[in-house]
Structure formats: C-alpha cells, structure tokens
C-alpha cells in the first residue's frame, strides 16, 4: 500500500449508473490518482425523442485528465462498455479488462477508429495493477456474460470494493465459479466501502442458476417436430452455449442470425468462451435445404426490437428465415421495462404465423433467469465483505433504497449508508465519510453523429411536434405599404389530414389575413409583433376548433 | 323464443376487443335484429402520437341503424363504456345497463350533452329484455367493479353467452357473488356459442379474491405512524370500500383526491355501492390541521399518469397534499403494460421525499389482485357453459390463442373454436358455424375535438417530426429572371440546437443557394423541380453531416 498523505482524501462518486439503469461509470480518486470503473451507455428514455443513445457527462474527467490512471472494465455489457468509443475520443487513457470483455471492446474501438491509439491491458482474476497510489485487484463473479469481475481497490485511506454486476450461481455453466474465497478474504482484511449492484434489490430470495435453463431447453428441443428458433440476448454466452448443447443433443444444426448475435458468437468462439463442434453451424441460406427437425436458429430480437432478426421473421420480412406453421419459437429473455408491448406484438405475430411460441407471460419463465443477484445474494455479498460504509449502485432510486434497507438489515449503520445521485461525492478522510461537493454529471445525448447537440429546447420542440404537428404560415408583404403581396399560405404537417379539413384551413387563412389587415390599420409593422399576433390569433382559433395546439411558424417576407 | 326463419342467419363479430386490450364492442345479429354488447374506448398505442383515445369504427352499425335494437353494457369500465359518447352521437339507440354502470354512463352523457336524447333502461340480473327476435337475460359475475354482468342471448338459431369481464371470487367484498347456479342452468339448457374474457388466459391457476387485500391494507394502516396515501383505480369500488374499512378500523379520516376518484366515490356512495359512515370523509384542505396518524388519502395515479394526483404529490406540485418523510404510500395496482416506467418514476420520487412506499415490484403484491379470471377460472366457465362453439374475446392475439388452447383442453373441438380479428364474422345456420365475410372495423382516432381526422399520413409526419424535427427553407425568387431576391433562410425546429450548430446551418444555406443557381443555369424553373432538388441536396448534406433525416419543407416564393 502506498504512503498516506495526511491532506489527501479519498473520493468516491458515480458519473452514471445511480438513479438509473444504464451508463455505468464510477470514479475512485485518492489525491491525484483517479481510477474509473466502467464506461457504459444507456438507451434513451421515452421522452428523449429521436435520441439514439445516452452517455455520461465526463467533464470532471477531461478537466482532470492528467490524473486519470486508467479505466477498469468489469464486464462486456453495453451499459458498462458502450460509452467507451465516445469517452476514449476525449480521454486517451489505458483500459484494463478480461479477455472476452476486451474482445468485445476491441470490435467497438475498431469501428470507431480508436483501436490503434488505445492502450489495452489484459487482466484476469489474478492480476494486480498499480494505478498511482491505488492498487487494483479483481475477483471472479457470476453474471449473464462470462469473464465478469469485481474490483478491489486498495487506497491509502482504505479498501474500496466494487462488485460489478453479479449473482451467486452455485452451478454455473462452463464452471465459471465466483471467487467466494477471495471475496471472503477481502472482507477479512477489512473494507472501508462497498459499492454493490442493486438491480434486483426489490426481488426476494435467490436468483436461480443459469444452468437450470439447459434441461428446459433440451426438453423443448426434443418435443419440437419442426424447426426451433431461440431468441436471447446476444451477449449471454452461457445461454448460447446451452442452446448449442440442446441442438447437439437433438441432432440439429444451428443457423445464427442477427448482426450482434453473429458478432458475439464469432468473438466468443475465437476466444474459447463458446464450445461449438465443427460442422454444427450452418449458413442461414442452408436452412431451407434441410429437414425441419434437424434445424435450430439462434437469433437476436428477444426484446421485440423493431429492426431485429426475430421481429423481421415475425413480420415475414426476414430475407433468409421464414416461420412455418408448427415451428417452435423460444423467447429466452424477459422484457426490459418499456419493451413489454414490443415483445407482446412479436409473440402475437409469431402465433398468427402458426408457430408454437414459448415465452414468459409473467416475470419468470423456465427459459430465462436474471444475471443479477436477488436479496439473499445481496445480503451474502454484504456479509462476505462486511464494509464499514456502503454505497448501493447500479439501479433506479427505489432499488438503491431497497438495497440500503438490506444493508441496514445485515447490521451496517444507517448513517454509514450513502444513497447518492450521479455527481454526488462521498469523501473519506481519517476513516470517516461524509457527503462532499458535487461534480458535474448528467446525460449527454447522442443523435446520429451529434454528441450533445440535442438539448432540452430541441427535445421540447420534438415533443410538441409529435403531439400536434406544425403549421407554417407564409405571407409576403409589400415593403412600401405593408399590403399582402402573396399568401397567406398555410402548410400543415402532422396536424390534420388536409383533404378532410379544407374548411378549417380556409378559415385559418381568413383569420391570418384579417389579423394582418388589422395590424396594418393600427400601423403595427415590426416583424416580431406581426409574427406574435398571427401566432396568437391562429393558435386561439385552432384550439377552439380542434382542442389541439400545433406549433405555428409564421414566415413573413417583405419585398 | 321467436319463430325461426329458415333463411335467417346468426352473425357474431367484434368491432373492437379482439387482438387488442380495449375498445370492446361485440355484435350479435339474427336476421334484421342487431344487439350490441359494450362500446368501449382504448388508450392510444405508442405509435399513435398525439392521439387522445381510440374508438371502434361503427360503419356497419350506422349503415344498419334501423336494425340496431339496443346496446347492452356489461360493466362500467372505460374499455366498455368509454366509446358511448361518440357512438350515441351517430346511433341513437336504447342503452341497457345495471345501476352503477348506468350511473357512471350518465355522468359521461351529461358531459357530452347526450343525456336527454338517450333512452336508458335499468336492468338487473333478473331482467329479461326482448330485442326483436333476440331475448337478452343477464347473470352476475365478479369483477373489479360492482354490478358487472354477463349476457345470455337467446336467438332463434340458439343461445349465445357473452361473459363480460369476470373472475370467480368465492369470498367477494360486499357479498357480490357470481350467479354460479344461473350460469350452470344456462349451460344445462344448451349453448350454441360462448364469448369469454381472455385477459388472463396466459396466467396459470386461480386469481386471488379481492377480499385478501382487506387484511393486508388494515395491517399496513395499523403499522403506519403517519399519514397513509392509497392510490388505486378509481373504478375499483370494492378496493375503495376496503380502504374505507381499514381507515375506520384505525380511526383515520379520509380525504379523496383526483377528479375521477371524487367522481366515482360520489356516484357509488349515492347509489349505495359504497358504505362510508358520515363524518369519515374530510376535505383535502383539512389534512394539514389533523394529526398525521388520523389521516388517510385516497388518490388516483396508480399508473403513474403524468397529470394524476399521486404523480403531482410525488413531484411536490399537488396543491393540497404534501408527502412528508415517514408517510406511507400504497400503490394498490400493478402497472398496465407500457406504464411500468411511469410507475417506477413515481415510486422513486416518493422514496426521495422520504415516504415508505408499498408497491409490487413483481407482478403480484399483497395490495393488488386482478379482476380477471386465470386459467382455472376460464376452464370453469367453459365447463359450466359447455358451448358447442367458442370464440375467445377480450385480449391480444396471444391471449385469445392461449384461451383457445384451454377450450381444446376441456374438450371443445378445435374446428369449433374461432379466433377472430375485429370485423371477422362467424355465421351460424342450421346449427353449424363458419367464417363469414368481413364487415368494416378498425381504429377511429380521437385527437382533441377531431374524430377520425388524424390518419396514417398525419401520424407518419408526427413520427418523422418527433425523431429529427423539421427544417423550413424559405427563399424568394424574381419572377423575371429567377434571381434570389431574399433568403435562403433556414428555420429549424427540433433538429439541432441552433446556437451550437451555426456552422452547419451556414453551410446548409450555401448548399441551397448553389443548388438553386445550378438549376437556374440549367433553365429548370418549375416549382416542383426546384423544391425536390433543394430537398434532396439539403437532405443528403445533412444526413452526411449528422446521420439525421429531418423533414425538409422548402418554401419558394416568386415576386
């Protein structure tokens, strides 16, 4: 452990991941040494119209770029690695990750043209990394993607543990056991602060083992008389392995469809995380040449995503795979909140095609288990680590709150538990902690190539436009006497179907004309007044007639 | 039973309610006699931007208005009565409903100015109504609103049973027992076709009794040391009664907040469906004058609806009720699919205010049960009625499909089960059934005062506008030589934040100018060409620069 400087403080804060599910990014700073854990993205909320993805605001890191010693990545999920192409563009610092995680990241960096300039360091659960005064080590955890680790950071002020995403799976697929002994040993040595995954803090009991799914899948494969299509998360390599196993056990070949599924299967096979015997995988084009009961399809689309392979199959618009009556379709996932309707629609369409669809109408089906630990596992982690301070992370506020209650239940002092917002710092000095000042934190919205150029005004306009559309009112006035030379012309988009509403728009036209005439008579001729008056008069009229408030854009030209 | 005419057929079809949850409207026609069951609304799907509500297309009924003998209403939920103000405007026919249902409908008709001209007939479970050649009788069912009935229609071709929405609750609140004997008797006499509620056909087992909630509520009320706020569906009078009982048992007064909650409590109390001792209800203004442990609040907002009372309390913008640290808030409902994020946000905000929030993170909590029967109850109904033909109704396609499988399981012939879309007719003649021709059916969208004036083109425009906004390009050309007299001016709404993107818009300006100059040189001067060329050139440029596709509206004026 490095020497302790009496003036130095330990700071812990989140730039993303608390009060939300997604864009995880946590920061541990001691003196002049900053260590970042994860750099994820978040998918837009329903009021972020037109936005593609959301990443954390990293102003604090770019302003302190000379202090950032590296970014440690816990695992290869998008909400932990998806922000990297944007973050590394502004902050060229070394990246530490395990083999599969690094493999997935490298694909992203290549696409972003950042692979060459990024220093990437392969770690495993035995690695120790000195990052200035902070020593990082790692411990294996169970999660819905292989090669997940937790992080142990020894700082001069004490040890900080970050669990990453985890569950305790006592019968893991591929024998990827969690490092119970190492975790216990970290706890035995004494931990100042624990940051732990709160995703399932609302859920009682234990999360079932991933391996429970294997026999269920094999059962369904065995009973199926025609083709079997399995949709699941592309990143769930354990699940994919079990689909492969079920296919082999029932003498089926596997076609892989969907860009991200092909990508993950390729990388995970190359790196040795998937065991697929040669000759098992076939090209999607070959499906139709084979007997239906000799074929399985592994697909994306378990969330009903509109452009995904399964959705296209369900709509009969997939170029290579047609669903036939009697085919079996397994959706091996539960809908992420917000996706229920999409998934429901996909199931409906598959049933209409005559498929036998196996899906989880409730929260648990036999073909999906969560990758996050439930309350008993969270308490187990708390008791293995026995930290002095506890910061629940990775969850909406209500999940952090429930996790805090679990912390109290296992005996952590209430005042030693910090529920924080993104940007709230917790300061540790001389063994005690308190809330420190705030650092900048927030959502950076990405729309197409634009990073941060869509803000509240643009989003508010999109919202208004989406509700009642827009009317553009064009009129040309004479510079000399203000007489109307042409127009008013009213162009409507997203307001009413014009052919049905001719009378309304004609009347609107008259309102604009008479408003302008009145203003002329009153000698009002500043543009701003003219526009405001036209907007108000027309807006009032349309609201009375339709109870709608379209955006009104008056364009007044003088020639 | 009326005389049978050998040429007459029995037709059954849905104008709303199959392949969807909402806008229930079923039609039974024998010869020249049409009986309608229910006239509901549906809330808009997420791609129906700006739409307020959706009602069924009733073209078939208006075209056959002289044959429509009446509308029978099974119960007072919006998805069964909410379309009435629109339907009755075009179709003035008698309405048959039970007391509470009629009370709720009358409120709606009054608002719509239709109360006077609508013939309303009060029925109860003993009523028999002759509607041309069709005799209607009714049977009590259990559901999440009192006074729910199923309908039995004796036609010359045979008996048709429509269950309405139902569960079998063996310990109902207020002793509202289902008419098991009457249902069994209908079955004993022989039923040609059953139309039965499929809402919970995906759910195994039995739906728990509403009365289970009472003791749970009382328990929470007893433990609460401060105020208790309960949010639930306004129409769930049984639930409201249990909240009242819990408040009385724990010596609390009740304030009622939220427009629809006040409305239902008033009507249900007046009609005798709620038993609230005098002095129990207080005005919301009085809350702050009373000891916190003597107060309960009954509120709307269990779905996290943005404008509801609970949401406003959670955001500290309710004018009369502030949530204090230590208050208990019970959300006695589960989120309807699509509302999960809204409810989650409300829970988060309440927790942030320091409230103790009791909600159901999974699909079932101790403070909510469904009003719809699960698989065992659906099978019980099928076996009580033992119909020859079965048409699952009231549900998305996957629910109808699961219900059909239950029908097969209890022994109905597969070819005697009809899964239909809205508008598909099933024809019965001489005891056998077949799919008949289609009648017009679909969604009529209501936006403000407009009924049906928003169609696919308007919705497509709203979708485009919501994603990337709009750019209006204004330019004035000389009539004589086509020279640019003013502009191009580019106005952006919902595209980019202008101040951040000045360079982009300046460049866009240059693109428009050079496009126009080139066209002038090539002697292209038809407006349509000019507009298309400007649109294409600008669209291409913006997509290259931003990967966005805003709507582009070129406005070219000639003077």
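The values are calculated or read from the model by the stated rules, or taken from the named source; none is laboratory data. What you see is a predicted model, and the numbers here were worked out from it, not measured in a lab. Every residue, glycine among them, receives a Cβ derived from its backbone with ideal geometry; neighbour counts consider all protein chains shown.
Things worth noting here:
- Restricting segment A:405-419 to residues that are touching a strand residue (DSSP E or B) at 6+ places or on another chain (Cβ under 8 Å) and within 14 Å of residue A:193 (Cβ to Cβ), the residue that is surrounded by the fewest Cβ atoms within 10 Å (Cβ to Cβ): A:416
- Test result for residue B:393, buried (at least 20 other Cβ atoms within 10 Å of the Cβ), modelled with pLDDT of 95 or more and in contact with a helix residue (DSSP H, G or I) (Cβ under 9 Å, 6 or more places away or on another chain): yes
- Segment B:525-545, residues that are outside any helix (DSSP H, G or I) and within 14 Å of chain A (Cβ to nearest Cβ): none
- Residues that are surrounded by fewer than 17 Cβ atoms within 10 Å (Cβ to Cβ), within 19 Å of residue A:51 (Cβ to Cβ) and either touching a strand residue (DSSP E or B) at 6+ places or on another chain (Cβ under 8 Å) or at pLDDT 85 or above (or both) within segment B:490-513 comprise just one, B:498.
- Counted residues, segment A:448-459 - those being more than 28 Å from residue A:34 (Cβ to Cβ), in contact (Cβ under 8 Å) with a residue 24 or more places away in the chain and touching a helix residue (DSSP H, G or I) at 6+ places or on another chain (Cβ under 9 Å): 2
- Residue in segment B:518-536 that is touching a residue at least 60 places away in the same chain (Cβ under 8 Å) and over 42 Å from the mean Cα position of the chain (by Cα) present: yes
- Any chance residue B:40 is closer than 22 Å to residue B:122 by Cα and either modelled with pLDDT under 95 or not in a strand (DSSP E or B) (or both): yes
- Of the residues making up segment B:460-489, those that are more than 7 Å from chain A (Cβ to nearest Cβ) and buried (at least 21 other Cβ atoms within 10 Å of the Cβ) number 5.
- Restricted to segment B:430-447, and to residues there that are loosely packed, with under 11 Cβ neighbours inside 10 Å and in contact (Cβ under 8 Å) with a residue 12 or more places away in the chain, the residue that is nearest to residue B:458 (Cα to Cα) is B:437.
- Segment A:102-134, subset out of contact with any strand residue (DSSP E or B) (no Cβ under 9 Å at 6 or more places or on another chain) and outside any helix (DSSP H, G or I), residue surrounded by the fewest Cβ atoms within 10 Å (Cβ to Cβ): A:116
- Taking segment A:135-158 as the range and being crowded, with 22+ Cβ neighbours inside 10 Å and at positive phi as the test, only A:147 passes.
- Residues that are at pLDDT 95 or above, surrounded by fewer than 24 Cβ atoms within 10 Å (Cβ to Cβ) and under 26 Å from the mean Cα position of the chain (by Cα), drawn from segment B:164-184: B:168
- Under the condition of being part of a helix (DSSP H, G or I) and either outside the structural domain of residue B:293 (by TED's automatic domain parsing) or in contact (Cβ under 8 Å) with a residue 60 or more places away in the chain (or both), the residues counted in segment B:244-256 number 0.
- Residue match in segment A:356-373 (condition: within 13 Å of chain B (Cβ to nearest Cβ), more than 30 Å from residue A:180 (Cβ to Cβ) and without any contact (Cβ under 8 Å) to a residue 24 or more places away in the chain): yes
- Members of segment A:332-347 found to be within 11 Å of another protein chain (Cβ to nearest Cβ) and touching a strand residue (DSSP E or B) at 6+ places or on another chain (Cβ under 9 Å), listed by number: A:343, A:346, A:347
- Of residues in segment B:52-69 being in contact with a helix residue (DSSP H, G or I) (Cβ under 7 Å, 6 or more places away or on another chain) and over 26 Å from residue A:345 (Cβ atoms), the one surrounded by the most Cβ atoms within 10 Å (Cβ to Cβ): B:68
- Residue count for segment A:297-349, restricted to those that are under 21 Å from the mean Cα position of the chain (by Cα) and assigned to a strand (DSSP E or B): 2
- Applying the criterion of being in contact with a helix residue (DSSP H, G or I) (Cβ under 6 Å, 6 or more places away or on another chain) and assigned to a loop (DSSP other than H, G, I, E, B) to the residues of segment B:257-281, the residue that is nearest to residue B:147 (Cα to Cα) is B:273.
- Residues considered: A:49, A:72. Of these, the only one that is within 14 Å of chain B (Cβ to nearest Cβ) and buried (at least 24 other Cβ atoms within 10 Å of the Cβ) is A:49.
- Pair list, Cβ < 7 Å and 6+ apart or interchain, from segment B:156-173 residues that are outside the structural domain of residue B:14 (by TED's automatic domain parsing) to residues that are buried (at least 24 other Cβ atoms within 10 Å of the Cβ) and at pLDDT 95 or above: none
- Looking at segment A:407-460, the strands (runs of 3 or more DSSP E) lying wholly inside it that each contain 1 or more residues that are over 29 Å from residue A:201 (Cβ atoms) and under 19 Å from the mean Cα position of the chain (by Cα) sit at A:443-447.
- Residue ID - modelled with the lowest pLDDT, chosen from residues in segment B:546-559 that are facing chain A (nearest Cβ under 7 Å) and surrounded by fewer than 17 Cβ atoms within 10 Å (Cβ to Cβ): B:559
- Condition check for residue B:228: closer than 27 Å to residue B:102 by Cβ, at pLDDT 95 or above and buried (at least 16 other Cβ atoms within 10 Å of the Cβ): no
- Restricting B:37, B:28 to those that are crowded, with 21+ Cβ neighbours inside 10 Å, touching a residue at least 12 places away in the same chain (Cβ under 8 Å), away from chain A (no Cβ under 14 Å) and under 21 Å from the mean Cα position of the chain (by Cα) reduces the list to B:37.
- Test: residue B:80 is crowded, with 22+ Cβ neighbours inside 10 Å, touching a residue at least 40 places away in the same chain (Cβ under 8 Å) and under 24 Å from residue B:450 (Cα atoms): yes
- Given (1) modelled with pLDDT of 95 or more; (2) surrounded by fewer than 19 Cβ atoms within 10 Å (Cβ to Cβ), index of the condition residue A:310 fails: (2)
- Any hit, segment B:494-501, residues being part of a helix (DSSP H, G or I), touching a residue at least 40 places away in the same chain (Cβ under 8 Å) and within 19 Å of residue A:551 (Cβ to Cβ): no
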